[in-house]
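Participant: I'd like to ask some things about the structure below.
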Amino acid sequence: MKKESGQDHATDSLKQKIVQAASHLFTSGGYDALSMRRVAQEAGCSQMAMYRHFENKEALVQHICADLYTKFATRINGEIAAEPDATRKLRRFIAAVLQFAEQYPDHYSLIFLVRHADPEVVATREQLGQQFLEGIAGIVREALPPGTPLTQVRTTLRRMMEVLHGTTALWLAHPTAYKLTRQRAVEDVEAIWSLLLNQ
């Protein structure tokens, strides 16, 4: 029994090393810099050992993105909870999303902008996104007038997220053409969210 426990620990430890190595390569060099061979070298294991944990590069990248997104959601939920009112909570959320996009542009693109072909990956992403959006929907409900119908809350939330992700995508892909900085993107999103909440 102890032997199995030791083997499980070694397996978990290797998986963690692989994820850390892949995260480092992905963050520093982007998607194209990440290869199973390079990750194996960085993690100090064979490629065969890697394939016991991750079927291919896509599975590894999706794991990294889901893990990072979960950590981001946990952190931002804590930060939002500390704010006293709905408007400040929403401002904190906007700033956090743009900061995340700036720090992890490849992760952001894969999580929010790229539709994956694997139905299981899509289902996992949808589940993570739905859980996170439920919390944001509660804040939008707080920011809207009392008694606002749930359908209007959800419509407002959808439009707000369209503005946030649309602005973030333009800022990441075409900052010069649209004369966007992170501060200007924050200001643009805040201004349009304010209009949406006060319609």
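The values are calculated or read from the model by the stated rules, or taken from the named source; none is laboratory data. A quick note: this is a predicted structure, and the numbers were derived from the prediction, not measured. Backbone-built Cβ (ideal geometry, glycine too); neighbour counts: all protein chains shown. These area figures cover heavy atoms from the full protein model, side chains too; ligands, DNA and RNA do not enter into them. Shrake-Rupley method; radii C 1.70, N 1.55, O 1.52, S 1.80 Å.
Participant: Please compute the per residue accessible area over the chain with all protein chains in place, 1.4 Å probe, rounded to a whole number of Å².
Facilitator: Accessible area per residue, the chain: 59 Å².
Participant: Further, regarding this structure: Test of the criteria: in region 6-69, which GluC sites (Glu not before Pro) are in a DSSP loop and have at most 16 other Cβ atoms within 10 angstrom of their Cβ?
Facilitator: 55
Participant: While we're on this one: Helix 86-103 sits at what angle to the longest principal axis of the chain, using alpha carbons and giving 0 to 90 degrees rounded to 10?
Facilitator: Relative to the chain, helix 86-103 is tipped by roughly 40 degrees.
Participant: What is the spin-label model distance, in nm, from residue 51 to residue 199 if the labels are put 7 Å beyond Cα along the C-beta direction?
Facilitator: 5.2
Participant: Rank these residues by their accessible area, most exposed first, probe 1.4 Å: 32, 118.
Facilitator: 32, 118
Participant: Would you mind pulling out the separation of the Cα centroids of region 156-179 and region 18-69, in Å?
Facilitator: One Cα centre to the other: 29 Å.
Participant: Per residue Cα convex hull volume for region 98-199, in cubic angstrom?
Facilitator: 109
Participant: Leaving ligands, DNA and RNA out of it, rank 160, 48 by accessible area with a 1.4 Å probe, largest first.
Facilitator: I get 48, 160, largest accessible area first.
Participant: Using bins 5 angstrom wide from zero, how does P(r) for region 86-146 break down, in % of all Cα pairs?
Facilitator: Calculated P(r), rounded to whole percents: 4, 16, 19, 21, 19, 13, 6, 2, 0.
Participant: Report the relative contact order of the chain, percent, no decimals, based on alpha-carbon pairs under 8 angstrom and at least 6 residues apart.
Facilitator: For the chain, the relative contact order is 17 percent.
Participant: Give the share of C-alpha pairs in each 5 angstrom bin for the chain, from 0 to the last occupied bin, in whole percents, shortest bins first.
Facilitator: 1, 7, 14, 15, 17, 14, 11, 8, 6, 4, 2, 1, 0
Participant: For helix 150-173, report the angle its Cα long axis makes with the longest principal axis of the Cα atoms of the chain; keep it between 0 and 90° and round to the nearest 10°.
Facilitator: It works out to around 60 degrees.
Participant: Lysine pairs in the chain 8 or more apart or on different chains: how many have alpha carbons under 26 angstrom apart?
Facilitator: Summing the qualifying lysine pairs gives 10.
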